[in-house]
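Okay, so here's the structure we're looking at.
The values are calculated or read from the model by the stated rules, or taken from the named source; none is laboratory data. In this text, all values refer to a predicted model and were calculated from it rather than measured experimentally. Methodologically, a virtual Cβ is constructed for each residue, glycine included, from the backbone with ideal geometry; neighbour enumeration extends over all protein chains shown.
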């Protein structure tokens, strides 16, 4: 098919229209509107960088960025530890390997909204009862403080997504040649040495993928945040995605919310691109 | 001696796995068990089994969720969106892979780069634009899913095209087939494995999506997650009903997972690793 072929363009028209109308045009318009006083219908005035100056002085927004960054960091580390850990367990020759894969992956298929509601019950009622039963203070009052809200979202996310990351690591672990491991065994390498010198380097590409996926997922989380804590108490556990939604659709401050959305885009892109760049570099060096 | 050691090792790993497995399904277990309790029973304790297993909660939740209606809405929107994504993305992936020009390469790059844009960065102008065009309805939503879903799908189809030999194209054209016939009768059937992957990934995403439908649909044609949100708001602190509703909402997913488990795990793995 050449550029002049009619078929080429006919085959592409639906997706060009789709991506254009749904993503590209709103993205460009959004960027322009973020410099105005746009209210969702019309814009009367060009404000320059006013929206951007204001949002960097808004405590709530800066707090949500800090909260999200903190969350992303913890979630990425824990998700990869759990994901790789679970993968190492289920790729052993266990009787329950298949059953365990099914179980670990299951939460992934259910939406974050529904899972967040289930965990609200676990954190409030079940934890409360465990606290009363055992007398351990730490189980009481979950989700009522910023700290327990933070760890609540972390636990929920790990439980939901570790199975997904596990699947990625499994794909790479199963590609490691068995005779390589056998040869190392015969040479007298112990379990830890085999992991460090064979498994770990061969699984390195899976790190690139998993880190990229977990990082971008953690930054964009919304459903879990909404259903588990709804940003509370006092908006202290509100993440950036929720900040933007609320500024736009609760406060009706469209142009200002869009400026936040542009900053959000910049953060997500910079993080994702740097990360891919460094991981590629490291893989080559290895 | 060494063999024995290894066996013991394997058993302890199996035990560790099973303990983690139990921990993993504990939230579901607690949800289901407590959904069978009365309000008073939940108040006395959530850790034990119900004093008396009651089913009224499920009936009430089923009616309040208008479950059949939300199930129908979710099914309709998911099926149509995924069908459209598969049809148009496969065509685009084919066209872009068979044209090696600079323009084609640039377009492919744009489609892939668009994956970087988070939903929240375009959501506000998108809703405003579709609002002005009077398209904030199920039809508009399906079109939006095409726009958001086509990037990854085109990427996967484009990758899979390397396995489809070009000589087949030429033979079919010589035999007088049009491009359209050639694609649908010869190329598309060969792309079936990747179509399954694309289908599974998009079903999981669209079936569970909450934010976009919440901005586009009214309560009368709500999907399951959207209806669940309204339902849950109505029954805060009435855990017996809320948990029954959550259990009902999960059932279709569990049934689907039960039947297509292998394909789902394989599809998700392929989608992520590429």
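Quick rundown of the values:
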{"read-out": "Single condition residue B:90 does not satisfy, out of (1) part of a loop (DSSP other than H, G, I, E, B); (2) modelled with pLDDT of 95 or more", "value": "(1)"}
{"read-out": "Qualifying residue in the range A:132-147 (condition: under 25 Å from residue B:270 (Cα atoms) and either away from every other protein chain (no Cβ under 11 Å) or assigned to a loop (DSSP other than H, G, I, E, B) (or both))", "value": "no"}
{"read-out": "Condition check for residue B:72: more than 7 Å from chain A (Cβ to nearest Cβ), in a helix (DSSP H, G or I) and more than 28 Å from residue A:34 (Cβ to Cβ)", "value": "yes"}
{"read-out": "Hits in the range A:131-150 - residues which are surrounded by fewer than 17 Cβ atoms within 10 Å (Cβ to Cβ) and modelled with pLDDT of 95 or more", "value": "none"}
{"read-out": "Count of the range A:106-121 residues which are within 7 Å of chain B (Cβ to nearest Cβ), buried (at least 22 other Cβ atoms within 10 Å of the Cβ) and under 21 Å from residue B:19 (Cα atoms)", "value": "2"}
{"read-out": "Qualifying residue in the range B:137-160 (condition: surrounded by fewer than 19 Cβ atoms within 10 Å (Cβ to Cβ), within 24 Å of residue A:268 (Cβ to Cβ) and at the interface with another protein chain (Cβ under 7 Å from one of its Cβ atoms))", "value": "no"}
{"read-out": "Selection status of residue B:196, in the same structural domain as residue B:84 (by TED's automatic domain parsing) and either surrounded by fewer than 19 Cβ atoms within 10 Å (Cβ to Cβ) or closer than 22 Å to residue A:170 by Cβ (or both)", "value": "yes"}
{"read-out": "Residue A:160 vs. criteria within 19 Å of the chain's Cα centre (by Cα) and more than 7 Å from chain B (Cβ to nearest Cβ)", "value": "yes"}
{"read-out": "Entirely in the range B:93-192, the helices (runs of 4 or more DSSP H) that have 1 or more residues that are under 23 Å from residue B:222 (Cβ atoms)", "value": "B:119-132, B:138-160"}
{"read-out": "Count of the range B:94-114 residues which are within 9 Å of chain A (Cβ to nearest Cβ) and touching a helix residue (DSSP H, G or I) at 6+ places or on another chain (Cβ under 9 Å)", "value": "10"}
{"read-out": "Single match in B:265, B:254 (criterion: within 7 Å of chain A (Cβ to nearest Cβ), within 26 Å of residue A:213 (Cα to Cα) and in a helix (DSSP H, G or I))", "value": "B:265"}
{"read-out": "Check on residue A:93, within 25 Å of residue B:15 (Cβ to Cβ), assigned to a loop (DSSP other than H, G, I, E, B), free of Cβ contacts under 8 Å to residues at least 24 places away in the same chain and over 21 Å from the mean Cα position of the chain (by Cα)", "value": "yes"}
{"read-out": "Test: residue in the range B:223-243 that is within 15 Å of the chain's Cα centre (by Cα), within 30 Å of residue B:155 (Cα to Cα) and outside any helix (DSSP H, G or I)", "value": "yes"}
{"read-out": "Selection from the range A:1-15 of residues that are part of a helix (DSSP H, G or I) and either within 28 Å of the chain's Cα centre (by Cα) or exposed (fewer than 12 other Cβ atoms within 10 Å of the Cβ) (or both)", "value": "A:6, A:15"}
{"read-out": "Restricting the range A:48-84 to residues that are modelled with pLDDT of 90 or more and farther than 27 Å from residue A:237 by Cβ, the residue that is surrounded by the fewest Cβ atoms within 10 Å (Cβ to Cβ)", "value": "A:49"}
{"read-out": "Failed criterion for residue B:43 (all others in (1) away from chain A (no Cβ under 11 Å); (2) exposed (fewer than 14 other Cβ atoms within 10 Å of the Cβ) hold)", "value": "(1)"}
{"read-out": "The lone exception for residue A:84 - which of (1) farther than 19 Å from residue A:242 by Cβ; (2) over 18 Å from the mean Cα position of the chain (by Cα); (3) away from chain B (no Cβ under 13 Å) it fails", "value": "(2)"}
{"read-out": "Test result for residue B:47, in contact with a helix residue (DSSP H, G or I) (Cβ under 9 Å, 6 or more places away or on another chain), under 30 Å from residue A:130 (Cβ atoms) and outside any helix (DSSP H, G or I)", "value": "yes"}
{"read-out": "Test: residue B:214 is outside any loop (DSSP other than H, G, I, E, B) and either touching a residue at least 12 places away in the same chain (Cβ under 8 Å) or within 9 Å of chain A (Cβ to nearest Cβ) (or both)", "value": "yes"}
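Each row is one residue, and each column tells you yes or no for (1) touching a residue at least 60 places away in the same chain (Cβ under 8 Å); (2) surrounded by fewer than 12 Cβ atoms within 10 Å (Cβ to Cβ).
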position	(1), (2)
B:5	no, yes
B:8	no, yes
B:13	no, no
B:25	no, no
B:34	yes, no
B:38	yes, no
B:50	no, no
